[in-house]
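The values are calculated or read from the model by the stated rules, or taken from the named source; none is laboratory data. Model, not experiment: these values are computed from the prediction. Quick reminder, even Gly has a Cβ in these numbers, built from the backbone with ideal geometry, and neighbours come from all protein chains shown.
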Amino acid sequence: MTTARTTEPPRLPVRDRATAHTRAWSGVSPMLTRLATERATGVLFREHGTLHLAEGLVVHAESPFAPGLGVLLTSRGTCALEDWQRALKEADEDRDPGRLLVDGGLLAPGALELCRLAALYDAAYFALASSSTPGRFRYGGAHPGGPEHPVPVAALERETLRRRDLLHRIWPDPGPDTAPLVRADLVAGPALTRRQRSVLNQVDGARTASDIARAVGRLAFHTLVDVRRLTAAGFVEVRGEPPPAPPDLALLSTDPHITLLKRLRDALEAL
């Protein structure tokens, strides 16, 4: 009996699930995902903020809606305001204020890293918000003030989507996030936490959620959570436009329908 020997078929490739998940992720900003794949270094400018990349990783984020590192460090006594202001003056392209404070023994390295990461995620949430204008990227050097552990784009986008979902579940209307806030005429409501009470105390008809975050020295996203919960509970509402004035019936007396309304009004006033 003759046996035929055949060549063993090649093994099927095994997909790396972690790599495949990262490559397929483009849930927030396709441009940012492409820059991460390219391992690009530079600054991504978006309508509501900027993201600084180094070798495709996010090392810094800024947004006018987020307080920033300086507020987080100085508002809770982690760093003295005078020391921070002095470090800002001495900083240059190679030395950022945070590193100067650590080198001078005025700030613990761990405290700086935690605040940097918190500020990065906070500003990135707003920078990655939906915008009406396309983003643009400028290739260049890396930001000198990044954390020791830069953030992968996929992780940042997943956290951004998680935060969006959380806010939507609390209160689906995003109006309170950016508009001036006023206290609602609530006779009674649920008990407030200490943090919610501190946020409510800052509501004056002019401040927005971002203004309140700076005033109390907290992360802007955490303040959004409190604002939406206060809105859902009926304590806070968006400052609305004044209601339109009723039409002058005398000026519209030529309209027969208006004339009838005027007669009804006069009859009611005579009762």
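Just one residue in the set D96, D103 is among the acidic types (D, E) and touching a Gly at 6+ places or on another chain (Cβ under 6 Å); that residue is D96. Set side by side, the residues A233, A213 differ, and just one is surrounded by 14 or more Cβ atoms within 10 Å (Cβ to Cβ), over 16 Å from S63 (Cα atoms) and small (G, A, S), which is A233.
Set side by side, the residues G141, G135, G145, G105 differ, and just one is under 18 Å from L72 (Cα atoms), outside the structural domain of R218 (by TED's automatic domain parsing) and either touching a residue at least 12 places away in the same chain (Cβ under 8 Å) or not basic (K, R) (or both), which is G145.
In the set (1) in contact with a Phe, Trp or Tyr (Cβ under 6 Å, 6 or more places away or on another chain); (2) among the polar types (S, T, N, Q); (3) not assigned by TED's automatic domain parsing to the domain that holds D92, T160 fails one condition alone, (3).
With respect to the conditions (1) over 22 Å from the mean Cα position of the chain (by Cα); (2) under 21 Å from E157 (Cβ atoms), A66 falls short on a single one, namely (1).
Name the residue that is modelled with the lowest pLDDT, counting only residues in region 201-240 that are of a type in the set (D, E) and under 11 Å from D177 (Cα atoms). Only one residue tops the list, namely E237.
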